[in-house]
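Derivation of every value follows stated rules applied to the coordinates shown; laboratory data play no part. Bear in mind that the values here come from a model prediction, so they are computed numbers and not experimental data. Counting neighbours? That spans all protein chains shown, and the Cβs are built from the backbone with ideal geometry, glycine included.
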Amino acid sequence: MADQGNEGLETVFSAAFAGMRRARENFTPRLTVREIGTVLSVGTGVATVSGLPGVGFEELVQFPRGVSGIAFNLSEDHIGVVLLGDYRRLQAGDKVLRTGRVMDVAVGEELLGQIIDPLGRPLDGKGPLTCRRRLAIERP
C-alpha cells in the first residue's frame with residue numbers, strides 16, 4: 001500500500017515538473033532598455049534634469065504624477081525642460097522618462113465630438129481617446 005502512495009506522488013510530481021518545464025521553455029522575457037533621468041531642480045514652469053544623454057531637442061519627457069515636459073536646453077550633463085503641467089507637483093529627486101516622441105496630436109474621426117486639453121487628454125469624461133494616428137504639431 002505504501003508503494004501505491006509513492007507511485008501516485010511520483011505521478012503528481014512528474015506532471016508538475018513537466019508543466020514547469022513547458023512554462024520555462026515557452027517563457028520569453030520582455031526586456032526594455034530606457035533612459036531614466038533625475039530632477040535636479042524645479043522652478044516656475046521649468047525643471048533641470050540629469051541622466052538623459054540621448055534625449056532629443058523638443059522631445060517629450062514624462063515626470064511622475066502626470067506631468068509632461070519638453071526638452072529644450074540640452075547640455076552635456078543636464079537638460080532644461082519646459083513643464084506642461086503643475087510644477088508644484090514635482091520635486092528634486094523625481095524620476096523622468098524619455099518618450100521618444102515630439103509634441104504630437106491625435107487625429108481622426110474618433111476625435112469628433114471630444115473635448116481635449118492642449119496635450120490631447122480628454123476633458124469630457126468620455127474616456128481615453130482611441131485614435132491610432134498621431135501627427136507632429138509642427139508639420140511642413
Inset, instruction - For the chain, with a Gaussian network of springs between Cα atoms less than 10 Å apart, report the residue from Glu35, Glu59, Glu109 with the top mean-square fluctuation. - result: Glu109
Legend entry - For region 120-134, Karplus couplings with θ = phi - 60° (6.51, -1.76, 1.60), whole Hz, Gly/Pro x: x, 8, x, 10, 9, x, 8, x, x, 6, 10, 5, 8, 9, 9
Legend entry - Calculated FRET value between Thr44 and Leu74, using beta carbons and R₀ = 25 Å, to 0.05: 0.75
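Please go through region 1-66 and write out the trypsin sites (Lys or Arg not before Pro) that DSSP classes as loop and that have at most 10 other C-beta atoms within 10 Å.
Details: sites: Arg21, Arg22, Arg24, Arg30, Arg34, Arg65; in loops: Arg30, Arg34.
Taking region 1-66 and a limit of 10 other Cβ atoms within 10 Å, the loop trypsin sites (Lys or Arg not before Pro) found are Arg30, Arg34.
With +1 assigned to the C-beta of every Lys and Arg and -1 to the C-beta of every Asp and Glu, and no other charges, what is the dipole magnitude of the chain about the Cα centre in debye, to the nearest 20? Display every interim value, and only then the final one.
On the way: 17 positive and 17 negative charges, 44 e Å.
Result for the chain is approximately 220 debye, rounded to the nearest 20.
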Inset, instruction - Write down, largest first, the equivalent ellipsoid semi-axes of the chain in whole Å, where each equals the square root of 5 times an eigenvalue of the alpha-carbon gyration tensor. - result: 47, 24, 15
Inset, instruction - With r as the distance between the Cβ atoms of Asn26 and Asp117 and R0 = 41 Å, compute the FRET efficiency 1/(1 + (r/R0)^6) and round to 0.05. - result: 0.45
Legend entry - Between region 6-49 and region 67-84, the alpha-carbon center distance in angstrom: 31 Å
